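Worksheet for the structure shown next.
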């Protein structure tokens, strides 16, 4: 599943680059904000989560990881500004009788620019694309016995420049399909190392191939009122760093959310 998702991520990224080359000259200077979820958004979800952190163990730990998110989105003349925070935590990620506590913190902010509106099967399709800056922290603390002052825990983090693509397909004035793809492109990576046995630096520059965080979601949004909408979405996300002892995690999530729109 992980290899398939990574290959799919690279294919989507290549398609995005081609799309930019073909469409950027046709950008619409007056983006359509009629249905984009501007304002404040909150989300909650649950996902099947698996992680293999070789700094701790070669074994894979799996479980259910809750998802909490809050975001702010504001439209400007030529772009949309987005700010979002995600927090995930659980101490019930297990490998047989051994459990670990996982904490994930994700902060992102960025700008997306509207590409020319298109008609698809008699409905309108809008696409936005733009850069982002991101911070992701993954903390892994297994519940295993240690002696003396020894302890077992693993940190991994990325400070990244990323790419975001958002799309919405309006079925009618109340209902729309929406999707978002995001990936880091270049990052500064941080990793736990054993200072007594390892002289490698805990900080390294990383590329898309040595450290990456990416996600892809597909959802449905229903507008309850002019300013209030509800959404249900499926999201698949992956995080991996292989510049040190490899860490890789994959999660698929079902999300529900509310958006209150301040801007018309």
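Could you list, in sequence order, the residues of segment 46-71 that are at pLDDT below 95 and within 30 Å of residue 116 (Cβ to Cβ)? Across segment 46-71, there are no qualifying residues.
Against the conditions (1) closer than 25 Å to residue 100 by Cβ; (2) modelled with pLDDT under 95; (3) within 18 Å of the chain's Cα centre (by Cα), residue 37 satisfies every one except (1). Can you name the residue in segment 209-254 that is out of contact with any strand residue (DSSP E or B) (no Cβ under 6 Å at 6 or more places or on another chain) and within 25 Å of residue 185 (Cα to Cα) and is also surrounded by the fewest Cβ atoms within 10 Å (Cβ to Cβ) among such residues? Residue satisfying both the conditions and the ranking: 209. Determine, yes or no, whether residue 99 is modelled with pLDDT under 95, surrounded by 15 or more Cβ atoms within 10 Å (Cβ to Cβ), part of a strand (DSSP E or B) and in contact with a strand residue (DSSP E or B) (Cβ under 8 Å, 6 or more places away or on another chain). Answer is yes for this residue. For the residues 115, 65, the requirement of being touching a residue at least 12 places away in the same chain (Cβ under 8 Å), touching a helix residue (DSSP H, G or I) at 6+ places or on another chain (Cβ under 7 Å) and crowded, with 20+ Cβ neighbours inside 10 Å singles out 115. Checked against (1) under 25 Å from residue 262 (Cα atoms); (2) without any contact (Cβ under 8 Å) to a residue 12 or more places away in the chain, residue 79 passes all but a single condition, namely (2).
Scanning segment 127-154 for residues that are modelled with pLDDT under 90 and in a strand (DSSP E or B) returns a single hit, 142.
The values are calculated or read from the model by the stated rules, or taken from the named source; none is laboratory data. Remember, it's a predicted structure, so these values are computed and weren't measured experimentally. Virtual Cβ from ideal backbone geometry, glycine too; neighbours counted across all protein chains shown.
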